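This is the structure I have questions about; it appears just below.
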Amino acid sequence: MPNSEDEFFASHPHVDVLVDFNSEVDEQLTALFRDFRSGLCPEVGSVFVAGDWGATPAKVQVLEVAGQLVRLRVLD
């Protein structure tokens, strides 16, 4: 499995943020600013497409930005 974020975003052009879906608790995920596609700036209320190498992409909404940590909610 490739591990470079650049390779990931090149292989998944419709995904905005690389997340670990294994960390999902109560439909919430966490990411860091570096996990977002270059040029994107997460702000509370923003909606992005999240994915990882082994999961189907899902729409997420930014709930909180605290320093470099971004808390996301998986949307239905």
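The values are calculated or read from the model by the stated rules, or taken from the named source; none is laboratory data. These numbers come from a predicted model, not from an experiment. When we count neighbours, we look across all protein chains shown, and the Cβ atoms used for this are built from the backbone with ideal geometry, even at glycine. These accessible areas exclude ligands, DNA and RNA; they are computed on the full protein's heavy atoms, side chains included. Shrake-Rupley method; radii C 1.70, N 1.55, O 1.52, S 1.80 Å.
Being of a type in the set (A, V, I, L, M, F, W, C) and in a loop (DSSP other than H, G, I, E, B) is the filter; apply it to segment 36-47 and report the residue that is farthest from HIS14 (Cα to Cα). So that I can check it myself, show each step before the final result.
At the first step, the residues of segment 36-47 found to be of a type in the set (A, V, I, L, M, F, W, C) are 36, 40-41, 44, 47.
Then keep just the ones that are in a loop (DSSP other than H, G, I, E, B); that gives 40-41, 44.
Numbers: LEU40: 13, CYS41: 16, VAL44: 21 Å.
Once the filter is applied, the top-ranked residue is VAL44.
Turning to a different aspect of this structure: Could you check segment 15-57 and list, in sequence order, the residues that are under 13 Å from LEU75 (Cβ atoms) and among the aromatic types (Phe, Trp, Tyr)?
Across segment 15-57, the qualifying residue is only PHE48.
Condition check ((1) in a strand (DSSP E or B); (2) open to solvent by 80 Å² or more (accessible area, probe 1.4 Å); (3) without any contact (Cβ under 8 Å) to a residue 12 or more places away in the chain; (4) not aromatic (Phe, Trp, Tyr)) across all residues:
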{"site": "VAL15", "(1), (2), (3), (4)": "no, no, no, yes"}
{"site": "ARG34", "(1), (2), (3), (4)": "no, yes, no, yes"}
{"site": "VAL49", "(1), (2), (3), (4)": "yes, no, no, yes"}
{"site": "LYS59", "(1), (2), (3), (4)": "yes, yes, no, yes"}
{"site": "VAL70", "(1), (2), (3), (4)": "yes, no, no, yes"}
{"site": "ASP76", "(1), (2), (3), (4)": "no, yes, yes, yes"}
